[in-house]
Amino acid sequence: MGALMRSQAFSTTHRNARELRAEMTDSERKLWSRLRLEQLGVKFYVADFACLAPKLIVELDGSQHADSVCYDARRDEFFRSQGFEVLRFATDEPLKNMDGVLTVIVEQLGAAGKRPHPSPPPEGEGERTRSHS
C-alpha cells in the first residue's frame, strides 16, 4: 500500500472513530473514560472498544443487539479469527458495576500476558495527570 493510500486510510479510520465516540451512549462514554489514554497500561480503540496489544475487544450490548445475534456471532467469529478475544457486557453494566467490568477486562489482559496497572485511577483521574519526570 502506498504512502498516500495509507494516509487516506488512516484519515478515514480516524474520522470514523471520532464519529463513533461522538455517538456513544452514556454507558459507553463512562467506560471509555476509564479505558482511554492507556489508563490500564494498554491502548484501546473504539470497536465498541478495541485494544490492539493484546488483541482484546470489549462490546456493550444494548437492546438493539437482540435483533442482531447472528450478526454479532459472525463479527465475533471474524475478530477471533484475527486473534482477538471478545468480551461482551450489557450496555448498562458499566453504569451499575464499573469495578466488576474493569475487573473482567483486567483479568483478560492478565490472561493475555499483559500486566495492566494494578490500580486503575478513579473515574475522571489519570486522563492527563501522569507526570513526565
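Observations, loosely collected:
Rundown of residues vs (1) over 21 Å from T91 (Cα atoms); (2) modelled with pLDDT of 75 or more, yes/no style:
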| site | (1), (2) |
| --- | --- |
| M5 | yes, no |
| L20 | no, no |
| M24 | no, yes |
| E28 | no, yes |
| L35 | no, yes |
| A50 | no, yes |
| P54 | yes, yes |
| Q64 | no, no |
| D67 | no, no |
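- Some residue of the range 81-89 being surrounded by 11 or more Cβ atoms within 10 Å (Cβ to Cβ), touching a Leu at 6+ places or on another chain (Cβ under 9 Å), modelled with pLDDT under 90 and of a type in the set (A, V, I, L, M, F, W, C): no
- Selection count where residues are over 12 Å from L31 (Cβ atoms) and without any contact (Cβ under 8 Å) to a residue 40 or more places away in the chain, scope the range 100-114: 4
- Conditions (1) at pLDDT below 70; (2) surrounded by fewer than 13 Cβ atoms within 10 Å (Cβ to Cβ); (3) assigned to a helix (DSSP H, G or I); number of the one not met by K96: (1)
The values are calculated or read from the model by the stated rules, or taken from the named source; none is laboratory data. Everything numeric in this text was worked out from a predicted model, so none of it was measured. Note: ideal-geometry Cβ built from the backbone for every residue, glycine included; neighbour counts use all protein chains shown.
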